[in-house]
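Here the structure comes first, spelled out in structure tokens, and everything after it is commentary.
Just so it is clear, none of the values below were taken in a lab; they were calculated from the coordinates. Since this is a predicted model, take the numbers as computed values, not measurements. All Cβ positions, glycine included, derive from the backbone under ideal geometry; neighbour counts span all protein chains shown.
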Amino acid sequence: MARFLYRDINNISMSGGRARVYCPECPYAHKNGMVLRYRYVLWKAGVEIPPGYNVHHKDGNRANDAIENLEVKSSAEHTREHHTGKIVSAETRAKLAQRKRERIVTAATRAKIAEITRQRERGYHGRLL
Ligand SMILES: [Zn+2]
């Protein structure tokens with residue numbers, strides 16, 4: 001379960017620099033009824049967040065959920081956005097490639113990953129395991 005640092009009078013919970021609001025009818029809500037506020041804002045504005053897409057905060061502040069600060073991006077594009085300009089040494093690149101080759105994913109792990117992906121698509125970003 002997510003641990004909230006505080007819950008204010010407007011029923012906004014903050015965790016990991018992100019705000020959540022209680023709105024069980026929102027399609028992006030977790031089963032406890034909480035939804036990431038930026039997803040809620042987009043839903044209210046009629047903007048769809050397709051599965052496999054993330055919400056990017058243009059100013060880098062995940063607590064700034066003003067609609068003009070939000071951008072829906074594919075996961076790949078979003079990852080690229082956050083890693084552009086990052087300097088990775090040849091040694092680190094080789095290590096990462098080696099680790100990727102050696103990775104063994106069991107059926108149980110694949111099932112866990114699928115469950116996490118499903119939860120994330122519903123807007124839940126807390127701890128699941
Ligand atoms: Zn982002």
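What to note about this one:
- Linear extension gain, MET14 paired with ARG93, 0.36 nm per residue minus alpha-carbon span: 24.9 nm
- Shape of the chain, Cα gyration tensor, a/c cut at 1.5: prolate
- Under DSSP loop assignment and at most 15 Cβ neighbours within 10 Å, longest GluC sites (Glu not before Pro)-free interval of the chain: 49-129
- The stretch 19-59, relative contact order in percent, only Cα pairs under 8 angstrom and at least six apart counted: 29 percent
- 5 angstrom amide H check on VAL72, placed H, neighbours 5+ away: HIS56
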